[in-house]
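Read the structure below first, then the notes.
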Amino acid sequence: MKSKKLSIPYIIWMLVFTMIPIVMIGITAFKDSHGNFSLEPFMKAFGYTGVFLKSLWIALLSTLICLVLAYPLAYLLTRMKKSSQNTIQMLLMIPMWMNFLLRIYAWMILLQKNGPLDTALSLLGIHGTYIGNTGAVVLGMVYEYLPFMVLPIFTVMSKIDGGLIEAAQDLGSNGFAVLRKVIFPLSIPGVISGITMVFVPSASTFLVSQYLGGTDDIMIGDVIDKIFWTDQSTGSAISLILMILIFVFLVLMNLFGDEEAIA
Amino acid sequence: MKKILSIMLCAALTGTTVFALAGCSGGGEKKQDKGEVNIYNWTDYVSRGEYDLMDVIDEFEKETGIKVNYTTYETNEEMYNMLKQSNSSYDVICPSEYMVSKLIRENMLLELNYDNIPNYANLSERFKKLSCDPDSKYTVCYDWGVTAMVYNTKMVKNKPTDWDALWDESLKGNILMFNNSRDAMAVAMQQLGINPATCTKEDVDKATEKLKEQKPLVKKYVMDQVFNEMQNNQSALAAYYAGDIAMMMEENEDLDYCLPASGSNLFYDAMCIPTSSKNKENAEAFINFMQKPEIAAENFKYLRYGTPNQKAIELLDKEYTENELSFPSDEYLDKCYVFSDIDDEVYAYMQEKFVEVQAN
C-alpha cells in the first residue's frame, strides 16, 4: 500500500507528459484541415514510405555498427583493473558533456572539403568527398550513440558471476566457448537495452542528417518538422506511424530476450 | 568519506546554480514599478552588444525602466502556432509580410496607437503603407530585404546574372538551395514566368517539377549552414537573403553577389502587437524605441537587412548605404514581388510539395 502512494507523482507525471500528448497526437492524426474525422492524413503519410524505410535503414545500420564496436569494448572493460575501467568510462562520457549540435558541427568541419581528413588523405594521393552522403550520416550517428551501447552492456557484463566462468573453464571450455556459452547469453539484457537506446533516437533524429547528409539523406524526423509548419494532421499521422514502427521493433526485440531489459 | 565529500560537492554545485538563477530573476525586480514587456522576436534579430555594438535591450530597460522578457522563434509558423495554441501572452511580435496578412485576417493583432509611436515619422514612405496593412493600422516595419545569389569567383566561371544559374549543369553538386518552401518555390516560379505573389496550386505543381529537375544538381538544401558552406569555400553558388550575403562577403573575399535580373522577392518584417498583449503601452514604447534613429542604425549594423528608418540611414557610413545588397535601388525594388497574402491552402500545398521534392 505504501509503495502505491509513493508512485503517485510518477503516475501523474506520465499521465500529463506522456499519455495526454500521445492521445492528442492520436486525435490530431485523424482530422482533416477543417477539423472533421478523416483518414486523409494517413493517406498522405504513406506517401513518405521511402523516407520511412531510409530512416529505419540508417538507424538499423548505425545500431549494428555500434553493437559490433561496443560489444568487444564492453567485454575488454570487464577484464581490466578498476582504475582503467574508470578512466575508459570517463573518456566515453566526456564528449557527452558537450552540446550535441556542437559535436556534429565538429564532424562537419573534420569531414568537409579541404578539412583535416581530406587534406591528410590527399597527401596519400586519395581524393574523395566524405560529407553529404549516407556514410557520413551513419558515422555521425555511431559517434553520437556509441556510449549508449557500451554502458548498458558493460553494466550487465560486469555483474556476471565470476564463478560461472570458472565453472565453465573447469568443465573444459576454451576462451571462445566461455564467451559463446556463458558470457554472451548472460549479457543479452544489456545488448537489448543498448540496441533500444541507440535505435530509437537514431530513427527519429534529423539533425545529424541535416548537417552531415546530402539531398538524398532526408530522414523522417525532418519530414515531420517541415510538415508540421502548415499541416499538423499529417505530421501527427507520421509521428504515430513512427511510434508504432518503433513499438513493433521493441516487441520483436522483446521476444529474443528478457522483458525487463526494455527501456 | 569520499562519498560524503562527493555528495557535498554535488550539493554545492546545485546550490550555486539555484542561486545564480535566483540572482537573474532577482536582478530585474528593482525597476518593476514600470511593468514589463514580453517581446517575441526572431533569433538574432536585434543588437545585443556583440561586435562592439550597443545592447539595445539593455539600453531600453535603462531608459524606460520597463523590464524586457525576450524570447525568440525561428520561423513565422512557429510563432503563429505559439500564439494560436499556447496561453502565453506576448506584447510585441515581428512577423513577415504574409504572416501579418494572416494574423490580420484572423483578428489576432491589436490596432496600434501611433500617437505613442512618434518615431514612426522616421520611416521612409515606401515602408509606411505596407501591402499587408495598406491603411497602416497594425504595423511598424522593422526591416526589409531581397533574396539574391552569392557565388565563389574562383569556382564559378560564368558570372551569374539570373536565377537560371541555379540550374546550371556545370555547377552540379556545388549549388545550395533554400531549405524553405516559399523561397525555393518562388525561385522556380520566376524561372517559369509565374508571379509567385499570385500563384495557384497548378503553379505550385509546375514549380515542383522545376525543383525536381534541379535536385540532382543541388548539393544541399540549407538555411543557416549556408554561412559555413560559402565562407569556407565548400560550395560554388547559393541562393540566400541579400543582407546575409553582405556578411558572408566580409568573411571571404572570393565571394561575389548577383541580384537576379528578373527581380526577386522583397520581404519585410514588421513589429505588431498581438491580441494576447497585456502591456500595450509598454509594447508601443518598445516599438517606438526601436525606431529611434541611433537604435535602428545599431540594429542595422548588426543585421545588415535594409532598415526602413530614413533618419537611421542618414547616420550610417557610405560603405553601408552604398551597398546594393542592403539597399537595392528603387528601380530594382520595383521589379520585385511581395508575398503579401498567400492563401493558406496554397501555402500548405507548397510546403507539402516541397517536402515531396526532398523526400523522393
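Just to confirm my numbers, what's the Cα centroid distance between region A:187-263 and region B:140-208 in Å? With region A:187-263 and region B:140-208 each reduced to a Cα centre, they are spaced 34 Å. Computed with a 1.4 Å probe over protein heavy atoms only, the accessible area of B:Glu250 comes to about 110 Å².
Taking the mean number of other Cβ atoms within 10 Å as a proxy for protection, how do you rank B:318-331, A:7-20, B:283-296 from highest to lowest? Kindly include the intermediate steps, with their values, before the conclusion.
Numbers: B:318-331: 14.4, A:7-20: 10.1, B:283-296: 22.0.
Those peptides, ordered most packed to least, come out B:283-296, B:318-331, A:7-20.
Tally up the carbon and sulfur contribution to the accessible surface of the protein assembly as shown as a whole percent, 1.4 Å probe, everything protein left in place.
Working: 18490 of 30690 Å².
The value for the protein assembly as shown is 60 percent carbon and sulfur by accessible area.
Take the Cβ atoms of A:Ala106 and B:Asp164, set R0 to 45 Å, and the FRET efficiency comes out at 0.75.
Using all pairs of distinct alpha-carbon atoms, the Kirkwood hydrodynamic radius of region A:48-261 works out to 19.3 angstrom.
For A:Asn254 and A:Trp97, the FRET efficiency from 1/(1 + (r/R0)^6), where r spans their Cβ atoms and R0 equals 35 Å, is about 0.60. Counting, for every residue in B:170-183, the Cβ atoms of other protein chains within 10 Å of its Cβ and taking the mean gives 1. With the convex hull of the Cα atoms taken as the outline of chain B, the averaged projected area works out to 22.4 nm². Taking label points 7 Å from Cα along the Cα-to-Cβ direction, B:Glu111 and A:Lys181 give a separation of 9.0 nm. Each residue, A:Met90 and B:Asn69, gets one label point 7 Å from its Cα in the Cβ direction; the gap between the two is 4.3 nm. Total buried accessible area between B and A, probe 1.4 Å, nearest 100: 2200 Å². Which parts of region A:85-134, residue by residue, lose 30 Å² or more of accessible area when the rest of the protein chains are there, as against the chain isolated (1.4 Å probe)? SASA drop of 30 Å² or more in region A:85-134: A:Met108, A:Gln112, A:Lys113. With Cα atoms as the point set, the protein assembly as shown shows a radius of gyration and Dmax of 28.2, 95 Å.
So for each of A:92-104, A:151-163 I average, over its residues, the number of other beta carbons within 10 Å; can you give me the resulting order with the highest mean first? Before the final figure, lay out each step's value.
Values: A:92-104: 12.1, A:151-163: 17.2.
Per-residue Cβ counts within 10 Å, averaged per peptide and sorted highest first, yield A:151-163, A:92-104.
Counting Lys and Arg as +1 and Asp and Glu as -1, what is the net charge of the other residues whose Cβ lies under 11 Å from the Cβ of B:Trp144? Net charge around B:Trp144: -2.
Taking beta carbons within 10 Å but only from partner chains, what does the mean come to for residues A:225-235?
Values: counts 1, 10, 5, 4, 14, 11, 5, 2, 0, 3, 0.
Mean partner shielding for this stretch: 5.
With a sphere of radius 14 Å drawn around the Cβ of A:Ile12, what net charge do the other residues whose Cβ falls strictly inside it have (Lys, Arg +1; Asp, Glu -1)?
On the way: positive: A:Lys4, A:Lys5; negative: none.
Net of charged neighbours comes to +2.
Quick check on region A:1-78: what does the Kirkwood estimate of hydrodynamic radius come out to from the alpha carbon pairs, in Å? Walk me through the numbers before you get to the answer.
Working: mean 1/r = 0.0584 Å⁻¹.
In region A:1-78 this quantity evaluates to 17.1 Å.
Any chance you could count the Lys pairs in region A:48-261 whose alpha carbons are under 26 Å apart, treating pairs 8 or more apart or on different chains as valid? Working shown, then result.
Values: A:Lys54/A:Lys113; A:Lys54/A:Lys226; A:Lys81/A:Lys159; A:Lys81/A:Lys181; A:Lys82/A:Lys159; A:Lys82/A:Lys181; A:Lys159/A:Lys181.
Pairs that pass both the separation and distance tests number 7.
Please sort through the DSSP H helices of chain A and keep those with an alpha-carbon extent of at least 15 Å along the long axis and a Kyte-Doolittle average not below 0.5. Write out the running numbers ahead of the final one.
On the way: long enough: A:49-78 (42 Å, 1.77); A:82-93 (16 Å, -0.07); A:100-111 (17 Å, 2.00); A:134-158 (35 Å, 1.51); A:184-204 (30 Å, 1.41); A:220-230 (16 Å, 0.69); A:232-256 (36 Å, 2.11).
What comes out of the filter, once short or polar helices are dropped, is A:49-78, A:100-111, A:134-158, A:184-204, A:220-230, A:232-256.
How large is log10 of I(q)/I(0) for region A:62-116 at q = 0.16, 0.23, 0.25, 0.31 Å⁻¹ when the intensity is taken from the Debye formula with one equal scatterer per alpha-carbon? After summing over all Cα pairs, the log10 values are -0.71, -0.98, -1.00, -1.07.
The modelled label-to-label distance between A:Ala167 and A:Leu117, using points 7 Å beyond Cα along the C-beta direction, is 4.7 nm. Only helices enter this figure: runs of n ≥ 4 DSSP H residues, each worth -39500 (n - 2.57), summed and divided by the residues of chain A, yield -23000 deg cm²/dmol at 222 nm to the nearest 500. Partner shielding of A:42-51 amounts to 2, given as the average count of beta-carbon atoms from other chains within 10 Å of each residue beta-carbon. A 1.4 Å probe run over the protein assembly as shown, with the rest of the protein chains in place, finds 49 Å² accessible per residue. When only alpha carbons are used to place a centre, region B:36-109 and region B:313-343 end up 23 Å from one another.
The values are calculated or read from the model by the stated rules, or taken from the named source; none is laboratory data. Since we're looking at a predicted model, the values are computed, not measured. In this analysis, Cβ positions are derived from the backbone assuming ideal geometry, glycine residues included, and neighbour counts consider all displayed protein chains. With ligands, DNA and RNA removed, areas are computed over all heavy atoms of the protein, side chains included. Shrake-Rupley method; radii C 1.70, N 1.55, O 1.52, S 1.80 Å.
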